[in-house]
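Undergrad: Here you go, one structure.
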Amino acid sequence: MTQNPRLTASLVSRWGDDPWALGSWSLIGRGGSPADRVALGVPVGDRLRIAGEATHPSRAGMTHGAYEQGVGAATWAAEAGHRRVAVVGAGMAGLGAARTLTGYGVRTEVWEARGRIGGRAYGVDLDGFTFDLGANWLQQYDGNALARIAEELSLPVIATDFGDPLVLGSPSAGAPGGLERELRARLERASPQDAIADVVEQWLRDPAPFTADEILRLVDAEIVVDSGAPLSWLSARHGFEPGVGEGDRWIVGSYRLLADHLAERLDVRLERPVRSVRIGEHEVTLVADGFEEAFDAVIVTVPLPVLKQGRIEFEPPLPPPHRTALERLGAGRVEKVVLRFDHRFWPVHPAGYYRVHGPEATCVSEWLDATEADGVPTIVGLFAGPWLDRIWSGSDDDVAARAAEIFQRARACPADQRSQIRAAMSSTDDR
C-alpha cells in the first residue's frame, strides 16, 4: 500500500501584501504601450532617474532587464559628472546601478527600505537549502547579463522547458496546433484601447475550429499565470509580453548568490525607506524616517506599484509624461509556495514543469520540480488568478496545506480534475 505523502517543510510568498512590492512584476494596461516604459525611464532634469524592470521596453518583468536599466542609469549619472549619487532600492536594478557607479569611482549610497537586499529576488532558507520566493529564473539565458555573471561565479543552473509542461488532472495533452498563433494574431489586431478580455470574449462567440475550453486553458496557461492581472485591465496589444521560455534556467541555491555578489563592498543602508525626494537646483535631497541627506543625483529603482501608490513623494512632482506612464502601467499578483515532502509522489517529467488548472476560468497554478537541487522531494508552485483570494488566507501553514492538497488531488485524479479541485477547495475552506 502506497504511503500518503507528508508535507515536511514549506515557504509561502506574500508579494501582494508586501508594502515594498505591492505585487509581482510590471505590466502594460489597456491604452498603454512599451513607449510608456521608455517615458518612465527618461531622466527628470539632470538629477533624477527612475530605473528598474518597469522601464525596460523589451525585457520588462525580468531580473536582467532590471539590472540592465540600473547599469544604464548609473552610466547616465557618471557621464553627467555627478560625484555623489544615491540609489533607492537594493534589488537587481539598484545593485547593478550602485556597482556600476562604484566602478566609475562615484561615491554611492544605497538606501533600502527592507532589512535585506535583493528586492523581489528573494532567497529564503528552508530545511537546509535556499529557495527563491520571488524571481526564480535566468530568462533569455543566451542574452542575459546576469547569466554571464552566474557563469563567472560557476553557479550551478538547471534548465526548465516551459513549452512542455505535464498537465496534471487533465484529459487533454495540451493546446492543439495553431491555437497560440491564433491567439497572438487576434491580440495584435486589437485596438490600443482593447483589453485581453475583450479579444477573448469575442473569440469565444465563434471559437471554431477550437473549443471554448481549449481557448480558456491556453489563456490561463500563457497569460494569467505569467501576469496575475485581470484580463479586463491587461492591454490586448502589449499585455502579452515576450520573455518566458527562451532558454530559462534557475540557480541552484537561489538568486541570493547573485545578489550577495553584486552587493560586495557596496555602501548599503538597510531599513531606510525613502519618503520623499526633493530636487533642487544644485542637489537632490532624500528624506527617510529620521534621515535626511543631500546628493548630486538619485536613481530610484523601487517597484512600479510603490511609485503608483505614492509611497515616495517627489518635490516637485514628476513631469506629466512620467505620471501618464504610471497610470498606464501596473502590476499583477503571482504568489509562490515551496513544498517539501517525505517522499516523491509525482511523476518525473523531462521538462521538470507541471500545470494544474483550477475549477474556474483564470485559476491556474504551475509547478517546478526542484528535487534535483539537493535530492529532497520538493515542488515550487506559482499561483495566479481568483484562486489566490481563497488559498492565500490564514497562516503560512494554512496556505501551504491548501496548495499541497490541490497538487496532490490533481496528481491522483487525472480523469476529472475540475471536480477534484472543487472538492479540495471545499475541504480546505471548511478547516
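The values are calculated or read from the model by the stated rules, or taken from the named source; none is laboratory data. Small disclaimer: the values here were computed from a predicted structure and weren't measured. So basically every Cβ, Gly included, is an ideal-geometry build from the backbone, and we count neighbours across all protein chains shown.
Undergrad: Just to verify a result, which residue in the stretch 292-314, among those that are in contact (Cβ under 8 Å) with a residue 40 or more places away in the chain and part of a strand (DSSP E or B), is nearest to the chain's Cα centre (by Cα)?
TA: Per the criteria, the residue is V300.
Undergrad: Looking for something among the acidic types (D, E) and either without any contact (Cβ under 8 Å) to a residue 24 or more places away in the chain or in a loop (DSSP other than H, G, I, E, B) (or both) - is there at least one such residue anywhere in the stretch 129-150?
TA: No; the residues of the stretch 129-150 include none that is among the acidic types (D, E) and either without any contact (Cβ under 8 Å) to a residue 24 or more places away in the chain or in a loop (DSSP other than H, G, I, E, B) (or both).
Undergrad: Collect the residues in the stretch 139-160 that are in contact with a strand residue (DSSP E or B) (Cβ under 9 Å, 6 or more places away or on another chain), modelled with pLDDT under 95 and surrounded by 20 or more Cβ atoms within 10 Å (Cβ to Cβ), keeping them in residue-number order.
TA: Q139, T160, listed by residue number.
Undergrad: Could you tell me whether the stretch 58-78 includes any residue that is modelled with pLDDT of 95 or more, polar (S, T, N, Q) and either touching a Gly at 6+ places or on another chain (Cβ under 9 Å) or surrounded by 23 or more Cβ atoms within 10 Å (Cβ to Cβ) (or both)?
TA: yes
Undergrad: Continuing with this model, one more query. Can you tell me which of (1) part of a loop (DSSP other than H, G, I, E, B); (2) touching a helix residue (DSSP H, G or I) at 6+ places or on another chain (Cβ under 6 Å) is the one V348 doesn't meet?
TA: Of (1) part of a loop (DSSP other than H, G, I, E, B); (2) touching a helix residue (DSSP H, G or I) at 6+ places or on another chain (Cβ under 6 Å), only one is false for V348: (2).
Undergrad: So, one more: When residues of the stretch 296-313 are filtered for being of a type in the set (K, R) and farther than 18 Å from I279 by Cβ, how many remain?
TA: 1
Undergrad: Related question: If S276 satisfies every condition in (1) free of Cβ contacts under 8 Å to residues at least 12 places away in the same chain; (2) surrounded by fewer than 16 Cβ atoms within 10 Å (Cβ to Cβ); (3) polar (S, T, N, Q) but one, which is the exception?
TA: Evaluating S276 over (1) free of Cβ contacts under 8 Å to residues at least 12 places away in the same chain; (2) surrounded by fewer than 16 Cβ atoms within 10 Å (Cβ to Cβ); (3) polar (S, T, N, Q) leaves (1) as the failure.
Undergrad: May I pose another question? Assess whether D36 counts as being more than 21 Å from Q309 (Cβ to Cβ) and acidic (D, E).
TA: Taking the combined requirement at face value, the residue does not satisfy it.
Undergrad: Please go through the stretch 42-57 and give me each residue that is touching a residue at least 24 places away in the same chain (Cβ under 8 Å) and either surrounded by fewer than 21 Cβ atoms within 10 Å (Cβ to Cβ) or over 19 Å from the mean Cα position of the chain (by Cα) (or both), ordered by number. Working first, answer last.
TA: Kept after step one, since they are touching a residue at least 24 places away in the same chain (Cβ under 8 Å), are these residues of the stretch 42-57: 42-54.
Once the filter is applied, which keeps residues that are touching a residue at least 24 places away in the same chain (Cβ under 8 Å) and either surrounded by fewer than 21 Cβ atoms within 10 Å (Cβ to Cβ) or over 19 Å from the mean Cα position of the chain (by Cα) (or both), the stretch 42-57 yields V42, P43, V44, G45, D46, R47, L48, R49.
Results for (1) out of contact with any Pro (no Cβ under 8 Å at 6 or more places or on another chain); (2) surrounded by fewer than 23 Cβ atoms within 10 Å (Cβ to Cβ); (3) under 19 Å from T378 (Cα atoms); (4) touching a residue at least 60 places away in the same chain (Cβ under 8 Å), shown as yes or no for each residue.
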site	(1), (2), (3), (4)
A325	yes, no, no, yes
L329	yes, no, no, yes
W346	yes, yes, yes, yes
G352	yes, yes, yes, yes
P359	yes, yes, no, yes
C363	no, no, no, yes
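Undergrad: From G119, G174, G163, G169, which residue is under 24 Å from L382 (Cα atoms), modelled with pLDDT of 95 or more, outside any helix (DSSP H, G or I) and not basic (K, R)?
TA: Among G119, G174, G163, G169, only G119 is under 24 Å from L382 (Cα atoms), modelled with pLDDT of 95 or more, outside any helix (DSSP H, G or I) and not basic (K, R).
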